[in-house]
Ligand code: SF4
């Protein structure tokens, strides 16, 4: 897991300009783009209101498992075994606790915490059924990427792993701690991967060869070869998405859109779809160019 400081994300309505770049009109990560596509009100709560969300055991498990899979490659090839990986779990959990001692309250007792750790160990074990990490030397892990499109929209996020073949072909790998998704969720996951492919294409000048989603919950791997035309379409879609976000900002119409994802939403109590009332919108002048609330791994995309 990266320890880089979280990048800044421009809220709609604020602008910034990096040296030598076009004026930045806004910034999107795959998770926040996915939020708006799922439910504009959810995007508002996360990006505009910045309402803190209660971490869940499943989210924490995703964070810990990602950290272990990153650390695993610090071991020399030959020593990357399920046992060694399992041994990294407790220290990673302790590290998270040091950063935020309140996380301890998420578990009612030791038995619950042990069950949670065992669940994480199971996911790590399943990873080894999908590939042999001793045969890999990733080019990058927890790689922060960022680019500014011609339109001025900044795209940024973290790529779990980047593999580069001797011939130079690039593979983007993303670990999901959930199960392989239904068609709707698969489209969302693929959109996230195309987002990263577009960023890398813009940064490096060539389209990544393969996008690989590894579902540790079900032990399945989804592979996809992106094409240039698709990535151009992804860029177009992101431009349209940002225009829609700006429209919502201008009109104040952050519409709630009910879906199966509501089951995991932390904001039901303030959502009109569930009888709640959203808080008043903050003064747009008071919304700072704030730190992105998204952690290195947004487990919401695991859904
Ligand atoms: S509960 Fe559903 S409709 Fe309401 S904000 Fe959350 S995701 Fe949107």
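Can you tell me which condition residue 245 does not meet? The list is (1) more than 16 Å from the ligand (Cβ to nearest atom); (2) crowded, with 21+ Cβ neighbours inside 10 Å, and all the others hold. Every listed condition holds for residue 245 apart from (1).
In this structure, residue 283 does not qualify as surrounded by fewer than 13 Cβ atoms within 10 Å (Cβ to Cβ) and within 9 Å of the ligand (Cβ to nearest atom). Restricting attention to the range 138-156 and to residues that are in a loop (DSSP other than H, G, I, E, B) and touching a strand residue (DSSP E or B) at 6+ places or on another chain (Cβ under 6 Å), the residue that is surrounded by the most Cβ atoms within 10 Å (Cβ to Cβ) turns out to be 138. Among the residues in the range 209-229, are any modelled with pLDDT of 95 or more and in a helix (DSSP H, G or I)? The answer is yes; a qualifying residue exists. Could you tell me which of the residues 247, 239, 188, 204 is out of contact with any strand residue (DSSP E or B) (no Cβ under 6 Å at 6 or more places or on another chain) and either outside the structural domain of residue 38 (by TED's automatic domain parsing) or free of Cβ contacts under 8 Å to residues at least 12 places away in the same chain (or both)? Result: 247 is the single residue among 247, 239, 188, 204 that is out of contact with any strand residue (DSSP E or B) (no Cβ under 6 Å at 6 or more places or on another chain) and either outside the structural domain of residue 38 (by TED's automatic domain parsing) or free of Cβ contacts under 8 Å to residues at least 12 places away in the same chain (or both).
Every listed requirement among (1) assigned by TED's automatic domain parsing to the domain that holds residue 205; (2) under 30 Å from residue 52 (Cβ atoms) is met by residue 150 save one, (2).
Residues that are within 16 Å of the ligand (Cβ to nearest atom), at pLDDT below 95, part of a helix (DSSP H, G or I) and touching a helix residue (DSSP H, G or I) at 6+ places or on another chain (Cβ under 9 Å) do occur in the range 186-202. Condition check for residue 181 on (1) at pLDDT 95 or above; (2) outside any helix (DSSP H, G or I); (3) surrounded by 15 or more Cβ atoms within 10 Å (Cβ to Cβ): one failure, at (1). Of everything in the range 254-265 that's modelled with pLDDT of 95 or more and more than 8 Å from the ligand (Cβ to nearest atom), which residue is surrounded by the fewest Cβ atoms within 10 Å (Cβ to Cβ)? By that ranking, first place goes to 255.
Can you find, within the range 28-45, the residue that is nearest to the ligand (Cβ to nearest atom) among those that are under 16 Å from residue 279 (Cβ atoms) and touching a helix residue (DSSP H, G or I) at 6+ places or on another chain (Cβ under 6 Å)? If you could, list the steps in order and put the result at the bottom.
Of the range 28-45, the ones under 16 Å from residue 279 (Cβ atoms) are 40-45.
Imposing the further condition that a residue be touching a helix residue (DSSP H, G or I) at 6+ places or on another chain (Cβ under 6 Å) reduces the set to 40, 42-43.
Numbers: 40: 8, 42: 4, 43: 9 Å.
Per the stated criteria, the residue is 42.
Before we move on, is residue 171 assigned to a helix (DSSP H, G or I) and out of contact with any helix residue (DSSP H, G or I) (no Cβ under 8 Å at 6 or more places or on another chain)? For residue 171, the condition - assigned to a helix (DSSP H, G or I) and out of contact with any helix residue (DSSP H, G or I) (no Cβ under 8 Å at 6 or more places or on another chain) - is not met.
The values are calculated or read from the model by the stated rules, or taken from the named source; none is laboratory data. If you're wondering where the values come from, they're calculated on a predicted model, not measured in any experiment. Cβ coordinates were reconstructed from backbone atoms using ideal geometry, including for glycine residues, and neighbour counts include every protein chain displayed.
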